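Read the structure below first, then the notes.
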Amino acid sequence: MNEFKLMRLSLAAVVTGIFSFLAPAYSAVDIVKIDGSSTVYPITEAVAEEFQIATGIKVTVGVSGTGGGFKKLCRGDTVMSGASRPIKANERKKCADAGIKFIEVPIAFDAITVVLNKKNDWAKELTPAELKKMWEPAAQGKITSWNQVRDSFPDKPLKLYGPGADSGTFDYFTEAINGETKAIRGDFTASEDDNVLVQGVSGDKGGIGYFGLAYYTENKNKLGVAAIKNSDGKFILPAIETTMDGSYNPLSRPLFVYINSAKAVSDPKVKKFVEFYLKYAGEMAREVGYIPFSDEEYAMITNHYKTLKTGTAFIKPAIGLSVKEMLELSGASK
Amino acid sequence: MAVNQKKPSALKDLNLIRTMIRQHKRNDLAFAGLGMFVIASLTITLIILFLDLVLDGYPKFTLDFFSNFPSRRAARAGILSAWVGSSLVLIVTFIVAVPLGIAAGIYLEEYSKKGWLSDIIEINVSNLAGVPSIIYGLLALGLFVYSFGLGQSILTAGLTLALLMLPIVIVSTREAIRAIPVQIREAAYAVGATKWQVVLNHVVQYSYGGILTGVIIGMARAIGETAPLITIGALTFIAFLPPSPVTIDPPFINLDWLNAGFTVLPIQMFNWISRPQHAFHINAAATGAVIIILTVLMNGVAIKLRYNIRKKIKW
């Protein structure tokens, strides 16, 4: 039985060891609870980290995805939710049924980047129409070679890599390129982990894929990138500057946080956190690889937030709205 | 003529037998070789994976890594909230699953009447051990989080992993009990022991080794589980620790920590591996190495304890 005494003793030691670390006071009410999109997560995490250091108020951030985050927000479990796409009609209804009103706040841009294999020297410039040719549902099983996309391209097998259907990036890309959310060919390699897509495209000469700019920036030495023809007919490379000035379109998309408006008024901690978030969103977004809005736009967003206007700008699917248009349109749901 | 032919025939048989023996020895050798090859390739794969993690994560094996909270700066990020979360969840799991599992195992083996009911229970328990862990997560979400209103807390996580571990403990308890020779029981009954005395003073005592192995293997499985905890809402960023269970004022025990939010090691690892920055992948590798080391340590302790206990039991 010695082993048992030993085990009990060591267990007791471990327990005391852990507990000696723990802070004395705790109450669930004191915590600002946030959840939502994994794309927005790095920004929220950075803001939460700084906020906690600055104020001592406790913040937790979960990653349930945009949809999962809305569910929690509309049940009142969380006070804020990150979203890589605007709220959908059925989600709005759930919120309305529960009597929860939300404020929609755009916080930064992400530039969806079309990446190529390093050895691909032909597709440096692509048009949205050509992307559609590759990715639309009708292309399934038919468009399998690069020269089917444009005659001057070589006869190389076309291998597609993209995020899976749960991703906000997927939703935005299909809407912007194929004209309908979630409409896409079925025969491409999908992964929820963008690092897997990086591996796939970098190891496949005919590979092409898309994901957020940060993953391209970190893997510049492994990947090529395509400039995309914008609404002015110019081929633009994704970058912080081209996204900020609006020339990289239609593949730059806004990221949002949705805030429980009642809590933003009644709970001083939440109010403080949102104000902190708006103040540092640009700086933090840049630091973790996203694209900030201009100072002017953040000022507009802050003023709009202060009016506590609830609702969303996206009653209908909308691609390429400017920050100003988003703010003007928000509240259209009422 | 028959006699004349017999001699060469016997010789021929002998040769036949010799070839047969040689053939069988070759088979033995071939099978041993194959087995060796399979085991070696499995072990080598595991070792290579582990070494890869350790080599990648090596720069992070510092005290800071264990005493820092997660951060957006990879260099400053640590696993403090993750390992404390993992430990607290495992403590709840242990406290719930071990007594329940052992009691259930003893009941099924010693007390329950053999019949259709015990057959159903038996089939259920064996099958539960093979149910994918995400199912337990969904069950826990519906039952613990919403129906019982326990929230997304350490308590919920501990109970969920306890469910996951329970079948393993029950099955290993029953197997350990079954391994006890029937003479031991008969001897105890013969000197007038009651059933309870037999179970408590003999059966349980002698089956500690096997039960312990099951418990520790179950705990080792629980420590690496991610799916059910993500389902019930384990957090990703949490830069503070749960409240202390021991207080200076009476009643000295504070159970608030059971209701606290938490994160665990595998979730922290998962979050870091999906980041674009390479520096976070190093953190993830280091976390992976920590999880593997913990699992190997737990299994090692199990093997050692079992060995020691078995050595002491003499029938």
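Descriptive notes on the structure:
- From A:V288, A:V196, residue being among the hydrophobic types (A, V, I, L, M, F, W, C), open to solvent by 30 Å² or more (accessible area, probe 1.4 Å) and within 14 Å of chain B (Cβ to nearest Cβ): A:V196
- Residue match in region B:289-302 (condition: farther than 17 Å from B:G158 by Cβ, within 9 Å of another protein chain (Cβ to nearest Cβ), among the polar types (S, T, N, Q) and in contact with a helix residue (DSSP H, G or I) (Cβ under 8 Å, 6 or more places away or on another chain)): no
- Scan of region A:73-88 for residues that are buried (at least 21 other Cβ atoms within 10 Å of the Cβ) and over 27 Å from A:E297 (Cα atoms), ordered by number: A:C74
- One residue alone among B:A239, B:A286, B:A260 is open to solvent by less than 10 Å² (accessible area, probe 1.4 Å) and within 30 Å of A:E218 (Cβ to Cβ), and that residue is B:A286.
- Residue ID - modelled with the highest pLDDT, chosen from residues in region B:251-282 that are farther than 17 Å from B:L235 by Cβ and either more than 11 Å from chain A (Cβ to nearest Cβ) or assigned to a loop (DSSP other than H, G, I, E, B) (or both): B:I282
- Cβ-Cβ distances below 9 Å connect the following pairs, each with a first residue in region B:19-46 that is hydrophobic (A, V, I, L, M, F, W, C), a second residue that is surrounded by 10 or more Cβ atoms within 10 Å (Cβ to Cβ), and a separation of six or more residues or different chains: B:L46/B:I292.
- Every residue from region A:222-249 that is assigned to a loop (DSSP other than H, G, I, E, B) and open to solvent by less than 10 Å² (accessible area, probe 1.4 Å): A:A226, A:Y248
- Among all positions in region B:209-227, there is no residue which is touching a residue at least 24 places away in the same chain (Cβ under 8 Å), within 13 Å of chain A (Cβ to nearest Cβ) and over 29 Å from B:G130 (Cα atoms).
- Members of region A:192-222 found to be small (G, A, S) and closer than 19 Å to A:P238 by Cα, listed by number: A:S202, A:G207, A:G209, A:G212, A:A214
- Checked against the criterion of being within 13 Å of chain B (Cβ to nearest Cβ), open to solvent by less than 50 Å² (accessible area, probe 1.4 Å) and at negative phi, region A:89-107 has no qualifying residue.
- Residue match in region A:158-171 (condition: among the β-branched types (V, I, T), open to solvent by less than 30 Å² (accessible area, probe 1.4 Å) and either more than 24 Å from A:G320 (Cβ to Cβ) or touching a helix residue (DSSP H, G or I) at 6+ places or on another chain (Cβ under 6 Å) (or both)): no
- Helices (runs of 4 or more DSSP H) contained in region A:82-194 and holding at least 3 residues within 25 Å of A:Y258 (Cα to Cα): A:89-97, A:168-173
- Residues considered: A:T60, A:T55, A:T78, A:T44. Of these, the only one that is within 14 Å of chain B (Cβ to nearest Cβ) and over 22 Å from the mean Cα position of the chain (by Cα) is A:T55.
- Looking across region B:232-248, the residues that are within 30 Å of B:S172 (Cβ to Cβ) and facing chain A (nearest Cβ under 10 Å) come down to B:A234, B:P245.
- Meets criteria (open to solvent by less than 50 Å² (accessible area, probe 1.4 Å) and small (G, A, S)) for B:G192: no
- Only residues that are within 14 Å of chain A (Cβ to nearest Cβ) and either open to solvent by less than 10 Å² (accessible area, probe 1.4 Å) or over 20 Å from B:S207 (Cβ atoms) (or both) were counted across region B:71-130, and they come to 24.
- In the set B:S86, B:S67, B:S112, only one residue is in the same structural domain as B:V125 (by TED's automatic domain parsing), touching a residue at least 40 places away in the same chain (Cβ under 8 Å) and of a type in the set (S, T, N, Q); that residue is B:S86.
- Scan of region B:36-70 for residues that are open to solvent by less than 10 Å² (accessible area, probe 1.4 Å) and hydroxyl-bearing (S, T, Y), ordered by number: none
The values are calculated or read from the model by the stated rules, or taken from the named source; none is laboratory data. Remember, predicted model here, so these are calculated numbers, not experimental data. Neighbour counts run over all protein chains shown; Cβ positions are idealised from the backbone, glycine included. Ligands, DNA and RNA are excluded from the accessible area calculation, which covers all protein heavy atoms including side chains. Shrake-Rupley method; radii C 1.70, N 1.55, O 1.52, S 1.80 Å.
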